[in-house]
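Working notes, structure below.
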Amino acid sequence: MSEVREPKFDSIVAWVLRIGAFGCFFIMLTGLITGLFVRGHISVDIELAGVLLMLATPVVRVIVACFLFFQEKDWKYGWISLGVLVILMLGSVFGIGEH
Amino acid sequence: MVTVLLVILGFFAGLLGALTGIGGGVLLTPILALHFGIPIRQAIGASLVAVITTSAASSSVHLQRHTTDIRLGMTLELATAFGAAVTAYLVGYFNRSALEGLFAAFLLYSAITILTKRGKVKPLEDESAMIVDETVIPPYEPKRYPLGLAASLVAGALSGLLGIGGGPIKVPVMYLFMNVPLMVATATSNFMIGVTAAASAIVYYRRGDILAEYAAPLAVGVFLGSLLGARLAPRINTKVVVYLLVGVMFYLAGRLIVHLFQGSL
């Protein structure tokens, strides 16, 4: 199974990660530069948007891979991806309100 | 200005990480805690964001070269994400001293491992070391999934505790025990780091331990540093850089231990 290489599958996942990494980098950079010139909370808000999108990128990557696996009727790995997604989602439920 | 210093710190950590192939993540948290006075849980949170950023950027390069085994990665991510989410949750109940002690131990362990194992197994080649246009990967079938999943659970758990990627555990296990070619093991480990760190980071964020004013400048610096590092790596004697990294690790471990004893007086 592992020797089967699907160039298209790899490329789609690669683009998700690339857009996430470079997009968030520029959003965070914009926040930092704004902070140098503008007073107030706006720069931190932009930085936070970048940080949150960065946290979302791996989640989107799992969703996209999950979708592609199901589309290929590769059920086993589709369900595995869904399992990873569930674990990621549980983290956001259990992280609340602890100190 | 703290923001500028954080960008510079991230830059040098990213540079060191890309030059040596040993993630810079392990340096970030102790420096943030010791020299910036950032509470250790927030330091780990900031480090996790930087780790996700570099993993996404470098993993997209590996994917374009078709050296990543997405199916293997996804399977092992079940374990890394679970381990990471659990320890990230438990960290909420740890006090500062326990975390600092863990960090000192992990730094010493990493530094000694690098010194003693250098040359024997080289699982940590970064992508710049294997820029081959037409990569030929021999056919293989991953073996010993239970062992791989167990090691991934440990790697994930450490990631949630320390804000690191955990590559130094996953790469040797895939390569030595699971019958995966080194190049694929490295790329797949890198691929898994993003999801592993995200599993922890989501928990840290919900707890309020990820502050954009620390995480964003750090991630920007690490991103730039690792881009430059990947370009410089083929032209630099990385041996010197590895010793520099080991030196920094020993220094930070020492400072943490001193800090621990001062704290308890």
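Under the condition of being within 12 Å of A:V60 (Cβ to Cβ) and facing chain B (nearest Cβ under 7 Å), which residue from region A:7-17 is surrounded by the fewest Cβ atoms within 10 Å (Cβ to Cβ)?
A:V13
If the requirement is being within 8 Å of another protein chain (Cβ to nearest Cβ), free of Cβ contacts under 8 Å to residues at least 24 places away in the same chain and assigned to a helix (DSSP H, G or I), which of these qualifies: A:G35, A:G78, A:G50? Don't jump to the end; show me each part of the working.
Numbers: A:G78 fails: within 8 Å of another protein chain (Cβ to nearest Cβ); A:G50 fails: free of Cβ contacts under 8 Å to residues at least 24 places away in the same chain.
That would be A:G35, the only listed residue that is within 8 Å of another protein chain (Cβ to nearest Cβ), free of Cβ contacts under 8 Å to residues at least 24 places away in the same chain and assigned to a helix (DSSP H, G or I).
Look at A:V13 and say whether it is in contact (Cβ under 8 Å) with a residue 24 or more places away in the chain and farther than 19 Å from B:A201 by Cβ. Give the derivation first.
Values: in contact (Cβ under 8 Å) with a residue 24 or more places away in the chain: yes; farther than 19 Å from B:A201 by Cβ: yes.
Taking the combined requirement at face value, the residue satisfies it.
Among residues belonging to region B:17-53 that are of a type in the set (S, T, N, Q) and more than 14 Å from B:G208 (Cα to Cα), point out the one that is surrounded by the most Cβ atoms within 10 Å (Cβ to Cβ).
Selected residue: B:S47.
Mind checking which pairs have a first residue in region B:57-86 that is closer than 14 Å to A:A65 by Cβ and a second that is charged (D, E, K, R), Cβ under 6 Å, 6 or more apart or different chains?
B:S60/A:R18; B:L63/A:D10
How many residues does region B:54-72 hold that are of a type outside the set (S, T, Y) and not in a helix (DSSP H, G or I)?
3
Going residue by residue through region A:54-63, is there one that turns out to be surrounded by fewer than 18 Cβ atoms within 10 Å (Cβ to Cβ), more than 15 Å from B:I70 (Cα to Cα) and within 10 Å of chain B (Cβ to nearest Cβ)?
yes
I need the full set of residues from region B:160-214 which are free of Cβ contacts under 8 Å to residues at least 24 places away in the same chain and at the interface with chain A (Cβ under 10 Å from one of its Cβ atoms), in order please.
The answer is B:R206, B:G208, B:A212.
Do the conditions hold for B:L161, that is, is it at pLDDT 85 or above, surrounded by fewer than 24 Cβ atoms within 10 Å (Cβ to Cβ) and closer than 16 Å to B:V51 by Cα? Spell out the reasoning first.
On the way: at pLDDT 85 or above: yes; surrounded by fewer than 24 Cβ atoms within 10 Å (Cβ to Cβ): yes; closer than 16 Å to B:V51 by Cα: yes.
Yes: the conditions hold for B:L161.
State all residues of region B:84-106 that are buried (at least 20 other Cβ atoms within 10 Å of the Cβ) and part of a loop (DSSP other than H, G, I, E, B); if no residue qualifies, say none.
none
As an exercise: evaluate A:I96 against (1) closer than 23 Å to B:A84 by Cβ; (2) at pLDDT 90 or above; (3) at the interface with chain B (Cβ under 7 Å from one of its Cβ atoms) and give the number of the one condition it does not meet.
All conditions are met except number (2).
Results for (1) modelled with pLDDT of 90 or more; (2) in contact with a Lys or Arg (Cβ under 9 Å, 6 or more places away or on another chain); (3) at the interface with chain A (Cβ under 9 Å from one of its Cβ atoms); (4) part of a helix (DSSP H, G or I), shown as yes or no for each residue.
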{"site": "B:G14", "(1), (2), (3), (4)": "no, no, no, yes"}
{"site": "B:F82", "(1), (2), (3), (4)": "yes, no, yes, yes"}
{"site": "B:L108", "(1), (2), (3), (4)": "yes, no, no, yes"}
{"site": "B:A111", "(1), (2), (3), (4)": "no, no, no, yes"}
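Could you tell me whether any residue of region B:172-190 is among the aliphatic types (A, V, I, L, M), in a helix (DSSP H, G or I) and within 12 Å of the chain's Cα centre (by Cα)? Before you say what the answer is, go through the steps one by one.
Within region B:172-190, the first condition is being among the aliphatic types (A, V, I, L, M), and the residues that meet it are B:173-174, B:176, B:178, B:180, B:182-185, B:187.
From what's left, in a helix (DSSP H, G or I): B:173-174, B:176, B:182-185, B:187.
Still in the list and also within 12 Å of the chain's Cα centre (by Cα): none.
Checked against the condition, which is being among the aliphatic types (A, V, I, L, M), in a helix (DSSP H, G or I) and within 12 Å of the chain's Cα centre (by Cα), region B:172-190 yields no hits at all.
The values are calculated or read from the model by the stated rules, or taken from the named source; none is laboratory data. Only a predicted model underlies this, so the values are computations on that prediction, with no experimental measurement involved. Cβ: placed from backbone, ideal geometry, glycine included. Neighbour counts: every protein chain shown.
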